[in-house]
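This report refers to the structure that appears directly beneath it.
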């Protein structure tokens with residue numbers, strides 16, 4: 001809407017008229033004459049395009065089933081181009097990691113093609129180990145968490161191939177799976193160190209799970225009781241190492257402590273179930289431990305002792321506590337292979353059978369450990385610790401207070417064992433009076 005406005009000119013002889021805009025007038029279009037600039041492809045878009053093209057080419061090659069002789073040289077060239085792309089894409093996190101993952105696939109394809117041309121047949125398990133190694137190298141070079149995660153999952157795929165049932169269901173080839181057995185601890189160690197350096201909780205969880213799965217796979221030929229007893233000792237050592245690393249403020253220390261404790265409690269639950277259900281009168285050893293079993297138990301005990309020494313240095317445990325921790329960690333493993341020792345001990349108390357008496361002793365120890373985690377969780381405001389501790393106490397209460405088992409004698413055994421276990425926990429957690437300046441707990 002416009003209105004006429006009258007004003008007097010300079011000579012004041014003739015009137016001049018002009019129009020003025022009111023508040024209801026539309027704003028003038030200032031962009032009508034601005035030329036539109038054509039946008040070219042940026043470097044970041046090109047860096048995204050290269051790995052995407054490589055992925056599409058890989059899918060096409062797999063779909064039409066190109067022979068390995070055709071794949072080798074192109075895979076090497078594509079892998080080098082992708083590696084250069086990852087170097088140039090430092091400013092784009094997503095494009096760089098996509099290029100890194102594509103580089104792993106290209107180099108793994110070239111190795112598979114070269115092996116096929118040489119008459120070497122590589123199975124899925126072999127490729128998974130190669131992918132795990134390549135991913136570790138690229139994760140270290142570019143500080144890439146996705147590459148490290150790929151290495152962890154590739155390692156889990158190889159571990160799955162060691163189990164015949166899982167391998168058959170997944171269609172994995174297993175003839176050469178055992179050939180990588182001695183190399184895998186090195187891969188796990190590298191993954192764990194790199195996950196700690198990159199501060200990646202998710203990769204650390206995968207690595208810890210792979211470590212315990214590896215232990216179970218290696219010990220699959222052992223009797224289950226012996227394997228679980230050894231598993232308990234290793235998990236207890238892992239838990240105590242996590243405590244020691246927490247005193248030194250190492251990344252992921254509390255995660256190590258939690259997963260070690262969960263694994264140890266799980267093993268203790270199984271051993272307790274066995275002792276609650278064994279028939280009475282068994283006084284012979286279930287199995288004669290091999291030298292390797294004793295060596296593994298000795299190494300776990302040594303790791304536990306070293307972790308206790310570290311905690312003693314930071315005033316988080318007493319000297320007597322070190323002895324108690326080391327002794328307690330040995331009872332269940334030895335009882336798992338020499339139950340006759342437990343039967344002999346319980347025979348000295350008339351009317352108190354080892355079945356299910358020792359099961360109640362184990363249960364009291366588990367419950368005391370759960371109480372300790374619950375109290376520590378409340379003290380440090382850690383929800384995970386509180387939940388885990390309460391869950392263990394609740395499950396153990398449901399197991400032990402069974403009307404078919406409980407009687408006055410077993411109730412006394414449980415009460416005394418629980419009091420002793422709680423007292424031992426207090427002694428283990430106490431600080432020595434000899435330390436004039438105890439270290440502050442940081443985690």
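For the reader, a short list of remarks on this structure follows.
- Residues of region 85-107 with amide N under 15 Å of the 7 Å Cα→Cβ point at residue 116: 106-107
- Projected label distance in nm at residue 380 and residue 344, using a 7 Å step from Cα toward the beta-carbon: 4.0 nm
- Rounded FRET efficiency, nearest 0.05, which uses the C-beta distance separating residue 313 from residue 56 and R0 of 41 Å: 0.10
- Among 322-333, 103-114, the order from most to least packed when residues are scored by Cβ within 10 Å on average: 103-114, 322-333
- Inter-probe distance in nm under a simple model that places probes 7 Å from Cα toward Cβ, at residue 419 and residue 270: 3.4 nm
- Site pair residue 80 and residue 255 shows an inter-label distance of 3.7 nm when each label is modelled 7 Å from Cα along Cα→Cβ.
- Extension gain from residue 181 to residue 398, taking 0.36 nm per residue of separation minus the Cα-Cα distance: 74.1 nm
- Full-stretch length increase - residue 391, residue 248 - with 0.36 nm per residue and alpha-carbon distance subtracted: 48.6 nm
- Two-site FRET efficiency, residue 328 against residue 141, from Cβ-Cβ distance with R₀ of 41 Å, rounded to 0.05: 0.40
- Distance between the C-alpha centres of region 90-113 and region 327-360: 56 Å, rounded to the whole angstrom.
Every number here is computed from the coordinates shown, using simple stated rules; none is lab data. Quick caveat: nothing in here was measured; it's all calculated off a predicted structure. Every residue, glycine as well, gets a Cβ built from its backbone with ideal geometry; the counts of neighbours run over all protein chains shown.
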